[in-house]
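The values are calculated or read from the model by the stated rules, or taken from the named source; none is laboratory data. In this text the structure is predicted, and so the values were computed from the model without any measurement. In this analysis, Cβ positions are derived from the backbone assuming ideal geometry, glycine residues included, and neighbour counts consider all displayed protein chains.
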Amino acid sequence: MSDSKPIDIPVLALGPRGDDMTGRAILRQLEELLAALVERDEPGSIDLRSLPFGPEDRQLLEEALGEGEVEAEVESMGPSRVRETGIPGIWWVTHYGSDQQPLAELLEVTYCPEILITPSDAAKEGLSALRARLFESDHMGR
Amino acid sequence: MRDKTVLELLQARGVSRRGFLKFCATTASLLALPPSAAAAIAETLGKTRRPSVIWLSFQECTGCTESLTRAHLPTIESLIFDAISLDYHHTLQAASGSAAEAAREEAMKAAWGQYVLVVDGSIPLGEQGYYSAIAGVSNLEMLKETAAGAAAIINMGTCAAYGGIPQANPNPTGAVPVSAIIKDKPIVNVPGCPPIPVVMTSVVAHYLTFGAVPELDHLGRPKSFYGDTIHDRCYRRPFYDQGKFATSFDDEGARNGWCLYQLGCKGPTTYNACATVKWNDGTSFPIQSGHGCIGCSEPNFWDKGSFYQPLSAGIWGDRQATLGTAAVAGAAVGAVAAASTRIRQQHASEEK
Amino acid sequence: MDLIDFARGPALQWSLALFIFGIAWRLIGVLLLHRKVDHSLPRHQDTTMGGVRLIFSRMWPKPEFRQSNAVHYALSYTFHIGLFIVIFLFRPHMLFIRDLTGLSWPTLPSGFVYVIGAMTLATLVAMLVRRMSHPVLKMISNFDDYFSWAVTALPVATGLLAVSHLGARYETLLALHILSVCLLLVWFPFGKLMHATLFVISRGTTGALFERKGAST
Ligand code: HEM
Ligand code: HEM
Ligand code: SF4
């Protein structure tokens with residue numbers, strides 16, 4: 001075996017199909033979902049991992065949707081990146097695991113993704129926490 | 001502990017409401033459910049009591065457990081397992097010996113009729129089942145006993161699902177799959193040698209979430225992961241369609257990443273999620289690493305001819321001998337037929 | 001054993017054996033037959049070329065019939081060439097034969113073969129329609145004609161269904177494909193499909209006879 005040459009096995013070859021059919025289909029579906037949001041106040045979303053989604057599709061979506069005004073990062077069981085696209089009402093949400101592995105990638109059509117909204121229970125807890133801090137500073141501080 | 005809901009358990013572990021939403025969204029995505037199912041999952045988990053899981057390992061190589069412990073998504077996965085409480089798994093649990101057996105009996109008693117039984121490995125029937133025994137109890141006996149109180153059974157790996165390698169010709173131990181013994185419980189097969197880690201965790205998560213087995217194909221496999229062939233989701237498929245095939249493992253074609261059909265790839269008749277979910281944190285899968293699919297999630301995969309023989313090649317013993325014998329026999333019969341015709345013709349002309 | 005393993009294994013093994021057996025039987029049987037001695041004075045001594053010539057010249061219509069038979073010839077050629085391409089120039093098929101014989105040869109892109117397969121099937125259907133609508137042809141057609149048509153068309157149809165996953169799961173369709181091929185293999189030597197080999201003998205013999213007599217062919 002000493003004379004065997006190392007061979008180069010290409011681990012990454014072509015993209016799945018080399019077209020952006022899925023991307024086009026997603027854009028059509030987004031149009032419907034956004035209409036439903038505007039007309040009937042119904043939010044919706046698309047799971048990008050459930051589709052045969054190639055680099056060409058991603059590029060098409062990124063170009064067509066563009067960048068919006070909001071970009072947020074949520075830190076809960078690993079990071080989640082939430083950004084509004086250039087089409088208001090369409091949000092690109094990516095959930096990562098604690099090892100930065102993407103777990104789920106969604107296009108959410110909504111006024112505000114639920115993960116950004118403070119849950120009312122948490123707000124209640126926040127209120128009592130704040131009061132406790134005020135109490136502390138009133139009594140201990142100057 | 002046991003009567004807390006899954007949501008309460010997660011909250012007790014410091015998972016916030018947002019974390020929970022994320023958990024539900026990623027679970028829906030993993031289970032290949034529409035995103036709208038996330039809300040349903042959230043609701044169910046808020047109500048479901050923590051189910052109990054007993055994992056039995058029979059005639060197996062521990063590869064399935066090895067694979068499972070390498071599930072990526074550590075956070076989500078460990079949550080699922082913490083939540084479902086693995087009450088008995090003789091490889092993973094700390095207890096051993098009679099303490100371990102006691103744990104199994106206790107878990108069975110505490111959740112009789114409600115626990116999920118996970119099995120890896122096949123069950124030998126030869127020698128009254130004593131080719132494989134745990135703590136003096138044969139696999140056959142232990143399976144019957146434990147299955148009796150189970151709500152559902154999940155077979156992890158091809159051995160438990162279809163008999164796998166222990167059952168391969170000549171099957172010295174008389175190995176059979178779980179379904180050959182247990183007929184009266186819902187059974188989910190999660191075949192693979194081993195199965196993909198997240199497929200294992202997701203199937204358990206599905207049961208946990210909905211309290212019911214997912215939709216299955218005719219071989220008892222969840223359709224969400226075993227719905228397509230490797231071939232139909234393979235990134236090398238364009239090469240198959242273009243007629244570009246690697247003809248050895250280091251030729252031009254192999255270097256260019258062409259289709260591995262001619263090198264024995266069993267992708268066209270194999271249903272599994274390797275081509276989409278992939279292995280090792282989504283890094284790659286066998287075909288992407290240059291080796292054809294061996295069809296490990298299909299029944300009898302070990303006995304379907306060589307892994308390196310093209311799928312369309314014959315699978316019976318000596319092919320050339322079959323054809324040679326047939327040709328010789330046919331020629332002989334033809335010669336006899338011609339000779340007898342000649343004789344008849346001769347008689348006929350003599351009679352004239 | 002599931003259907004596909006049965007089809008791939010015993011079914012294919014036995015039908016291939018019968019196929020080879022039957023062809024050997026019929027060819028040897030015909031070749032060894034006694035031929036009547038022709039006492040007439042031959043016009044030509046060497047008749048080989050006459051035989052060979054007829055084998056080929058009969059592949060093309062005579063000028064007189066060219067007009068009226070053009071469509072029929074076109075159809076017949078299309079499906080025969082189509083069959084050849086589909087059977088021999090599809091890589092899985094070539095590999096099947098390579099496994100049996102050790103021979104290998106270049107093949108065509110699979111996608112192209114599917115298109116040819118669809119054309120072949122359409123042409124076969126047209127041939128059947130013609131057979132069933134032509135008053136004379138209809139009258140002289142027997143079971144062998146229809147059955148031979150069916151066993152020829154079925155592998156093409158099931159092959160196309162299998163690759164497009166239409167109607168059932170791939171392995172089921174593939175098993176049906178292989179079983180339909182088994183049927184073809186078993187029927188082949190004993191019905192009129194044997195023309196694929198016997199045409200050489202029949203035309204050759206006729207051509208040689210014509211040559212000897214000096215008849216125009
Ligand atoms: C357009 C028409 C056809 C298509 C698309 C087609 C397709 C296929 C495919 C995909 C396979 C499976 C290879 C595998 O196991 O992966 C196959 C096998 C085979 N086909 Fe066809 N086929 C067609 C027509 C025919 C015809 C006309 C014949 C014979 C007269 C034939 C004979 C066979 C044989 C002998 C096998 C090998 C069986 C095996 O897989 O073990 N096919 N064909
Ligand atoms: C070199 C080989 C072959 C030759 C020279 C040949 C020649 C012919 C000829 C002259 C006809 C009559 C055509 C007509 O009605 O216009 C015919 C018909 C037919 N051949 Fe062939 N053939 C060959 C191989 C095959 C093979 C391999 C098959 C099938 C596996 C096949 C299937 C048929 C069928 C089904 C018909 C009847 C079509 C119909 O009228 O319905 N042939 N062939
Ligand atoms: S490598 Fe295997 S699965 Fe991929 S296209 Fe080729 S035959 Fe199909």
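Scan the range B:225-234 and tell me whether some residue there is more than 13 Å from ligand 3 (Cβ to nearest atom) and of a type in the set (Val, Ile, Thr). No, every residue in the range B:225-234 fails to be more than 13 Å from ligand 3 (Cβ to nearest atom) and of a type in the set (Val, Ile, Thr).
Among residues that are closer than 19 Å to B:Pro222 by Cα, more than 14 Å from chain A (Cβ to nearest Cβ) and either surrounded by fewer than 24 Cβ atoms within 10 Å (Cβ to Cβ) or touching a strand residue (DSSP E or B) at 6+ places or on another chain (Cβ under 7 Å) (or both), B:Ser67 is included.
Restricting attention to the range B:47-54, does a residue exist that is more than 10 Å from chain A (Cβ to nearest Cβ) and under 22 Å from A:Pro119 (Cα atoms)? So far as the range B:47-54 goes, yes, one or more of its residues are more than 10 Å from chain A (Cβ to nearest Cβ) and under 22 Å from A:Pro119 (Cα atoms).
Just one of the listed residues (B:Arg237, B:Arg342, B:Arg255) is basic (Lys, Arg), within 16 Å of ligand 3 (Cβ to nearest atom) and farther than 28 Å from C:Ile178 by Cβ, and it is B:Arg255. The single residue among C:Arg43, C:Arg53 that is more than 16 Å from ligand 1 (Cβ to nearest atom), in contact (Cβ under 8 Å) with a residue 60 or more places away in the chain and in a helix (DSSP H, G or I) turns out to be C:Arg53.
Scanning the range B:201-227 for residues that are surrounded by fewer than 19 Cβ atoms within 10 Å (Cβ to Cβ) and at pLDDT 90 or above returns B:Glu215, B:Leu216, B:Asp217, B:His218, B:Leu219, B:Lys223, B:Gly227. Here the condition is being under 18 Å from the mean Cα position of the chain (by Cα), among the β-branched types (Val, Ile, Thr), surrounded by fewer than 17 Cβ atoms within 10 Å (Cβ to Cβ) and over 25 Å from C:Arg8 (Cβ atoms); of C:Val125, C:Val136, it holds for C:Val125 alone. Only one of the numbered conditions (1) within 11 Å of chain C (Cβ to nearest Cβ); (2) of a type in the set (Lys, Arg); (3) touching an Asp or Glu at 6+ places or on another chain (Cβ under 7 Å) is violated by B:Lys244, and that is (3).
Which of the residues spanning the range A:79-107 are more than 12 Å from chain B (Cβ to nearest Cβ) and in contact with a Gly (Cβ under 6 Å, 6 or more places away or on another chain)? Of everything in the range A:79-107, those that are more than 12 Å from chain B (Cβ to nearest Cβ) and in contact with a Gly (Cβ under 6 Å, 6 or more places away or on another chain) turn out to be A:Glu84, A:Thr85, A:Gly86. Restricting attention to the range A:58-96, and to residues there that are closer than 17 Å to B:Arg18 by Cα, among the aliphatic types (A, V, I, L, M) and under 13 Å from the mean Cα position of the chain (by Cα), which single residue is surrounded by the fewest Cβ atoms within 10 Å (Cβ to Cβ)? Per the stated criteria, the residue is A:Ala72. Looking across the range C:187-217, the residues that are buried (at least 20 other Cβ atoms within 10 Å of the Cβ) and either among the hydrophobic types (A, V, I, L, M, F, W, C) or away from ligand 2 (no atom under 16 Å from the Cβ) (or both) come down to C:Trp187, C:Phe188, C:Ala208, C:Glu211. Looking at A:Gly54, is it within 12 Å of another protein chain (Cβ to nearest Cβ), closer than 30 Å to B:Val199 by Cβ, more than 13 Å from the chain's Cα centre (by Cα) and touching a residue at least 40 places away in the same chain (Cβ under 8 Å)? Against the criterion (within 12 Å of another protein chain (Cβ to nearest Cβ), closer than 30 Å to B:Val199 by Cβ, more than 13 Å from the chain's Cα centre (by Cα) and touching a residue at least 40 places away in the same chain (Cβ under 8 Å)), A:Gly54 does not qualify. So which residues in the range A:112-124 are surrounded by 12 or more Cβ atoms within 10 Å (Cβ to Cβ) and not β-branched (Val, Ile, Thr)? Hits for the range A:112-124 are A:Cys112, A:Pro113, A:Glu114, A:Leu116, A:Pro119, A:Ala122. With the condition kept exactly as written, say whether any residue in the range B:235-243 is farther than 24 Å from A:Gly97 by Cβ, away from ligand 2 (no atom under 16 Å from the Cβ), charged (D, E, K, R) and buried (at least 19 other Cβ atoms within 10 Å of the Cβ). Yes, the range B:235-243 has at least one match.
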